[in-house]
Amino acid sequence: MREEEYMKMALALARKGMGTTSPNPMVGALLVKGNKIVGKGYHKKAGQPHAEVLAIEDAKEYAMGSTLYVNLEPCTHFGKTPPCVDAIKKAGIKKVVVAMLDPNPAVNGKGVEALRKAGISVKVGLLEEEAKRLNEAFVVYMEKKRPFFIVKAAASLDGKIATKTCDSKWITNEESRMYVNKLRSTVDGVMVGINTVISDNPLLIPRTARPKKHPLRIILDSRLRIPLMCDIVKTSDKYRTIVFTSEDSRSDKENRLKSMGVEIVKVKKDENNRVDLRSVCEELYRREILSILVEGGGETNSSILKEGLLDKIIIFYAPIIIGGKNALNIIGGRGIDFLKDAHKIDITSVKRFKEDICVEGYVHRNY
């Protein structure tokens, strides 16, 4: 078997931790000796043993003289668990193949350097792009000091997410909605604007049997208009909920919401008197929120795009046409004047959910 195949297996192992490892990255490890897999492991949850340690434990004495395939550079620092580099050296592993360096400044390059100093052969960069894509949220969190933003929308073929009367249930089919529910259980937070709360009264939880986790529910509400009897507020004692509001919002309603289990965070306003998204990002970064699924309306989507925060899109198109200049669009706001200023999307996949079409891609960056 070729090295690429072993690394693909390590990546597949890492993917098993999707939705449960945050704020840590997903990591899988494979030990190979004499063209035979002797040990494997993956990081299951923050605070639990790392993939490399589990693979070594699985291999037992066969770890001696083996080659380790791992999708992320082994750590060198003490966190909630001891350094993986020490375990690798102690096990007598002779070679380590790493897909990508760890973007965490506490590790970046130090793990590879420590292994080489110990006389262990190290190869870096095998299937690097695949490894970066797997841990894209962790990479953005470490490099840009903010969460990774995914905008998800359900739209008609003409790009409308609701009619002029705000009717939007349901544009897409049940299969598409089930996919979104599974997606919710893999992210750290789900975000909407206050208009979505008022018009749709969503719960913003994964509606699946035994979801991997319930993401933090994040509401952008500059004037604290959130209804006390909406489903989000009524369930805030069960599911973590943060409402970001302005510094001059109503204190009487703030106290009432707090008593019902809602966390209120005050931030400054932007030039449009909405909550400042950069300030929101700073607060979420501090709370170790790595990934956010944005399920708001066109105005929220527009603000995130305008601020340069949008990383990924997932748009479900249903085979219907809504029409009307007053129907709601995927992206609201003022829009652009010239096509040369349009935001370009790198499409990575197009899938079918029965009659619905799902398009996924990344906002193209020139840096």
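Odds and ends about this structure:
- Number of positions in region 113-127 that are over 33 Å from the mean Cα position of the chain (by Cα) and assigned to a loop (DSSP other than H, G, I, E, B): 3
- In region 197-219, the residues that are open to solvent by less than 20 Å² (accessible area, probe 1.4 Å) and of a type outside the set (A, V, I, L, M): Pro206, Pro215, Arg217
- Pairs are defined by a Cβ separation below 6 Å, a sequence spacing of at least 6 or placement on different chains, a first member in region 305-330 that is more than 21 Å from Arg278 (Cβ to Cβ), and a second member that is open to solvent by 20 Å² or more (accessible area, probe 1.4 Å) and among the small types (Gly, Ala, Ser); the pairs so defined are Phe316/Ala154.
- Total residues in region 94-109, condition closer than 24 Å to Lys45 by Cβ and either part of a loop (DSSP other than H, G, I, E, B) or open to solvent by 10 Å² or more (accessible area, probe 1.4 Å) (or both): 10
- Checked against (1) outside any strand (DSSP E or B); (2) in contact with an Asp or Glu (Cβ under 6 Å, 6 or more places away or on another chain); (3) open to solvent by less than 50 Å² (accessible area, probe 1.4 Å), Ile321 meets all criteria but (3).
For every residue, the table says whether it meets (1) open to solvent by 10 Å² or more (accessible area, probe 1.4 Å); (2) aromatic (Phe, Trp, Tyr); (3) outside any loop (DSSP other than H, G, I, E, B); (4) within 26 Å of Ala162 (Cβ to Cβ).
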{"position": "Asn273", "(1), (2), (3), (4)": "yes, no, no, yes"}
{"position": "Glu282", "(1), (2), (3), (4)": "yes, no, yes, no"}
{"position": "Leu293", "(1), (2), (3), (4)": "no, no, yes, yes"}
{"position": "Ser303", "(1), (2), (3), (4)": "yes, no, yes, yes"}
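- Members of region 300-330 found to be touching a strand residue (DSSP E or B) at 6+ places or on another chain (Cβ under 6 Å) and basic (Lys, Arg), listed by number: Lys312
- Residues of region 155-214 that are part of a loop (DSSP other than H, G, I, E, B), of a type in the set (S, T, N, Q) and within 19 Å of the chain's Cα centre (by Cα): Ser185, Thr186, Thr208.
- Restricting attention to region 226-271, the residues that are open to solvent by 30 Å² or more (accessible area, probe 1.4 Å), polar (S, T, N, Q) and touching a residue at least 24 places away in the same chain (Cβ under 8 Å) total 1.
- Against the numbered list (1) in contact with a Gly (Cβ under 8 Å, 6 or more places away or on another chain); (2) surrounded by fewer than 18 Cβ atoms within 10 Å (Cβ to Cβ), Lys160 comes up short only at (2).
The values are calculated or read from the model by the stated rules, or taken from the named source; none is laboratory data. Note that the structure is a prediction, hence the values are computed from the model and not measured. Neighbour counts are summed over all protein chains in view; Cβ atoms, including those assigned to glycine, are modelled from backbone coordinates with ideal geometry. Ligands, DNA and RNA are excluded from the accessible area calculation, which covers all protein heavy atoms including side chains. Shrake-Rupley method; radii C 1.70, N 1.55, O 1.52, S 1.80 Å.
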